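The values are calculated or read from the model by the stated rules, or taken from the named source; none is laboratory data. Owing to the predicted nature of the structure, the values given are computational and were not obtained by experimental measurement. All Cβ positions, even for glycine, are placed from backbone atoms using ideal geometry, and neighbour counts span all protein chains on display. We work out accessible area using only protein heavy atoms, side chains counted, and drop any ligands, DNA or RNA first. Shrake-Rupley method; radii C 1.70, N 1.55, O 1.52, S 1.80 Å.
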Amino acid sequence: MEKIILWGTGKIANKLFPGIDDEVILVIDNDKKKWGTVWNEHVVERPSTLEKFCGKYDRIVIASVYWKDIKKQIIEEFGIEPSFIDNMYYRQKRALLDTYKYKADRDKERYILFLEQNPLQVFNDDFIQKYENLHVEVNFDQENSLYYVYHNGRKMYFSSEFSNEEVVKGYYSFLRMEQDVNSPHRYQTDCFHVNQNDVVLDAGVAEGNFALDIIDLVDKLYLVECDERWVKALKCTFAPYKDKVEIIQGMLGDGNKGSKTIDEIIGTGKVDFIKLDIEGAEGEALSGSEQTLKQNNVKLDICVYHNDDDEKKVKQFLGEMGYETKVSDGYMVFISEQFLEAEVTTPQFVRGLVRGKKKED
């Protein structure tokens, strides 16, 4: 049993505490108003109390969405080694390491080694470190009341839920990380990419980074997004490209419950590239694409990290449609907010994408 210092007493801490209550020896919070109050039978201490516990604890667990900033504070103010600091997913990290400790999965060795020294995140590899202090210049459009950044020289707008520059910086840094050359979530590679004059369907567009990257190449771009707030931002981002961009608001699926299908959107037309990143509904969307896949020679980027069995299901479906498949390199961990709601859940290392293309005759 470890001796844990818990940093934070908010909503996340209240969800996390029941799973580590027997191990917590000290509770700290940055909020001065909480110092000296009692929280879950622990007196809340000020950060400087940490100095008195040198050598008396095994782990500092930060229960906050701002854990990266707090981790930096702890390192700079108290000289604590980063390997002693974890985030709110510490229980899941511990369970994952226990699961893989005795498995001979050589292709996962580097992720295990990384996790032994770092908190659990979506991407658990050395490449993420270059994005920790990424310089991001954020601008505000007064007319549309939206923040934007310049993404490869083009304005990329963010939805109205992004209320300040720091949130935008964090999100955009993650987008850049997600599409790093070493990321298992990277949409395009040197060998698999959108070509000149392609027609592309992008579902789960959100801020539109993928679509903006290919805008100069394509003849036609269908953007499917269900969140109305993102749709407003997309209209601003792609205003200069109205002649080739069609924004479609709605859920992409199999046609049930009001969802739109790929076959309905494409009709008798052509499509060359389809990217699906729609929060675990990729399988339903594919089931509404049979006509399109049969009539076209499509390249597909299908996200398969949302559910444990998505990779298997997507491969099976595309195989039945006459498509060969490959997975993206590397592994990621799908971080679910449910981790903090339920008992300890063991996450899995999963592939980011299944890529498909029609089998050659």
- Message: If I ask for residues that are assigned to a loop (DSSP other than H, G, I, E, B), in contact with a Phe, Trp or Tyr (Cβ under 9 Å, 6 or more places away or on another chain) and within 30 Å of Ile12 (Cβ to Cβ), which ones from segment 319-361 would you list?
- Response: Gly330, Tyr331, Val333, Phe334, Ile335, Thr345, Pro347, Gln348, Phe349, Arg351, Gly352
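Do you know which of the residues in segment 301-335 that are of a type in the set (S, T, N, Q) and at pLDDT 95 or above is nearest to the chain's Cα centre (by Cα)?
This residue is Ser328.
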- Message: When you check Lys108 against the structure, is it in a helix (DSSP H, G or I), open to solvent by 30 Å² or more (accessible area, probe 1.4 Å) and over 22 Å from Asp227 (Cα atoms), yes or no?
- Response: no
- Looking only at segment 117-146, count how many residues are part of a strand (DSSP E or B) and open to solvent by less than 40 Å² (accessible area, probe 1.4 Å). 3
- Message: Any residue that is within 21 Å of Asp198 (Cα to Cα) and under 16 Å from the mean Cα position of the chain (by Cα) - is there at least one of those in segment 283-297?
- Response: no
- Tally time: how many residues in segment 269-318 are open to solvent by 30 Å² or more (accessible area, probe 1.4 Å) and either more than 20 Å from Val200 (Cα to Cα) or aromatic (Phe, Trp, Tyr) (or both)? 9
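For segment 279-318, which positions are assigned to a loop (DSSP other than H, G, I, E, B) and touching a residue at least 60 places away in the same chain (Cβ under 8 Å)? Break it down stepwise before answering.
Taking segment 279-318 first, the residues assigned to a loop (DSSP other than H, G, I, E, B) are 279-281, 288-289, 296-298, 304-309.
Once the filter is applied, which keeps residues that are assigned to a loop (DSSP other than H, G, I, E, B) and touching a residue at least 60 places away in the same chain (Cβ under 8 Å), segment 279-318 yields Glu279, Asn297, Val298, Tyr305.
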- Only one of (1) part of a helix (DSSP H, G or I); (2) open to solvent by 20 Å² or more (accessible area, probe 1.4 Å); (3) free of Cβ contacts under 8 Å to residues at least 60 places away in the same chain does not apply to Phe114, and that is (2)
- Query: All but one of (1) surrounded by 14 or more Cβ atoms within 10 Å (Cβ to Cβ); (2) free of Cβ contacts under 8 Å to residues at least 40 places away in the same chain; (3) touching a helix residue (DSSP H, G or I) at 6+ places or on another chain (Cβ under 9 Å) hold for Val224; which doesn't?
  - Reply: (2)
- Note on the structure: Arg229 meets each of (1) at pLDDT below 95; (2) not in a helix (DSSP H, G or I) with one exception, condition (2)
- Item | Every residue from segment 156-214 that is touching a residue at least 60 places away in the same chain (Cβ under 8 Å), in a helix (DSSP H, G or I) and open to solvent by 10 Å² or more (accessible area, probe 1.4 Å) | Asp213
- Message: If Met251 meets every condition in (1) of a type in the set (A, V, I, L, M, F, W, C); (2) more than 23 Å from Arg176 (Cβ to Cβ); (3) touching a strand residue (DSSP E or B) at 6+ places or on another chain (Cβ under 6 Å) apart from one, which number is that one?
- Response: (3)
- Query: What single numbered condition from (1) small (Gly, Ala, Ser); (2) surrounded by 15 or more Cβ atoms within 10 Å (Cβ to Cβ); (3) within 19 Å of Leu234 (Cα to Cα) fails to hold for Gly153?
  - Reply: (2)
- Message: Tell me which strands (runs of 3 or more DSSP E) are completely within segment 1-99 and hold 1 or more residues being surrounded by fewer than 19 Cβ atoms within 10 Å (Cβ to Cβ), or say none if there are none.
- Response: 24-28, 42-45, 59-62
